[in-house]
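The structure appears below as structure tokens.
Readers should treat all values here as calculations from the given coordinates under stated rules, not as data from a laboratory. None of the values given here were measured: they were computed from a predicted structure. Methodologically, a virtual Cβ is constructed for each residue, glycine included, from the backbone with ideal geometry; neighbour enumeration extends over all protein chains shown.
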Amino acid sequence: NPKEKLGKQINYTITGIDAGAGIMASTQKALNTYDLRQNKWQLQTSSTAAMTSTLDKAIKYKQPIVVTGWQPHWMFTKFPIKFLKDPKNVYGKAEQIHTIARKGLSKDAPGAYQIMKQFHWTPEQMSQVMLKTNAGVDPKKAASDFIKQNPKLVAEWTRGAAKGNGKAIKLTYVAWDSEIASTNVLAQVLDSMGYKTTIQAMEMQPMWISVATNKADATLSAWLPNTAGIYYKQYKDKVDDVGVNLNGAKVGLAVPKYMKNINSIEDLLK
Ligand code: PBE
């Protein structure tokens, strides 16, 4: 019934993703900060795949829905959705994605370290790879296509870096679409410079632990300052923050654009 309050129409439910994601912790905070919890709102745990499929269905039938949303991600390309304003700044403004290496990598593999330092790209470039993967192309193939199509960029990433001569590099990542893209691209760039790179997907906490305890060489999956902030705070003295690999990421709540009256998180109480 479209005349009902929004909350009632959608069972006071925000459709979320996996429990370990930073965006879930931020959304729990938002439920408190905006008094949503008091007003019956709750956050549903699911997965990125389930969330985007629920969103897809809602949009097909023009039904209201509120989801945890972030960029870069193909959801903003495929679906007509908008971020809700966050006047109390729970999610933070822009996020950067950082490359985090184990301490000692710069000495043990200076060439690989230099490539990691020089590896950064734009949300548009990352989205090209993500959209391909979302369309069913194997992530490795999507990454190698990107590399073939962007020789100048790859030359900037590898400029002046020492060759690997078969040295093993272990990258760890969380299997988000964005990091599947960046990790596969960097792995192939490292291999093209003579490194032997393996990539391993993990949950967020084990990933940070493996870099902090020298079990992995690096990760490209650190959304900061907010989304992975609790892990960064915990491990920052035990890791090497190499730098930003992507600028202009964003995290928040999102709704379809046809929800014209809902433009801010505060509007959820309407
Ligand atoms: N994400 C994508 C992650 C960071 C990258 C927004 C789902 C998170 O919430 O932890």
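Restricting the stretch 225-263 to residues that are part of a strand (DSSP E or B) and within 16 Å of Lys29 (Cβ to Cβ), the residue that is farthest from the ligand (Cβ to nearest atom) is Leu253.
Among the residues of the stretch 3-41, those identified as in a loop (DSSP other than H, G, I, E, B), more than 22 Å from Met75 (Cα to Cα) and in contact (Cβ under 8 Å) with a residue 40 or more places away in the chain are Lys5, Tyr34, Asp35, Leu36, Asn39, Trp41. Scanning the stretch 28-47 for residues that are in contact with a Ser or Thr (Cβ under 9 Å, 6 or more places away or on another chain) and within 16 Å of the ligand (Cβ to nearest atom) returns Leu43, Gln44, Ser46. Restricted to the stretch 97-140, and to residues that are β-branched (Val, Ile, Thr) and surrounded by fewer than 21 Cβ atoms within 10 Å (Cβ to Cβ), which residue is nearest to Lys250 (Cα to Cα)? Checking each candidate, the answer is Thr122.
Determine if the stretch 142-165 includes at least one residue that is in contact with a strand residue (DSSP E or B) (Cβ under 8 Å, 6 or more places away or on another chain) and either in a loop (DSSP other than H, G, I, E, B) or under 22 Å from Arg102 (Cβ atoms) (or both). Even if it seems obvious, please write down each step before you answer.
Of the stretch 142-165, the ones in contact with a strand residue (DSSP E or B) (Cβ under 8 Å, 6 or more places away or on another chain) are 153, 164.
So of that shortlist, the ones also either in a loop (DSSP other than H, G, I, E, B) or under 22 Å from Arg102 (Cβ atoms) (or both) come out as 164.
Among the residues of the stretch 142-165, at least one is in contact with a strand residue (DSSP E or B) (Cβ under 8 Å, 6 or more places away or on another chain) and either in a loop (DSSP other than H, G, I, E, B) or under 22 Å from Arg102 (Cβ atoms) (or both), which makes the answer yes.
Here is a check on your reading of the model: is Ala218 away from the ligand (no atom under 16 Å from the Cβ) and within 15 Å of Ile97 (Cβ to Cβ)? Against the criterion (away from the ligand (no atom under 16 Å from the Cβ) and within 15 Å of Ile97 (Cβ to Cβ)), Ala218 qualifies.
Within the stretch 232-253, the set of residues being surrounded by 20 or more Cβ atoms within 10 Å (Cβ to Cβ) and more than 15 Å from the chain's Cα centre (by Cα) comprises Val239, Val242.
Let's see how each residue does on (1) β-branched (Val, Ile, Thr); (2) more than 14 Å from the ligand (Cβ to nearest atom):
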{"residue": "Leu6", "(1), (2)": "no, yes"}
{"residue": "Thr13", "(1), (2)": "yes, yes"}
{"residue": "Asp18", "(1), (2)": "no, no"}
{"residue": "Ala21", "(1), (2)": "no, no"}
{"residue": "Val67", "(1), (2)": "yes, no"}
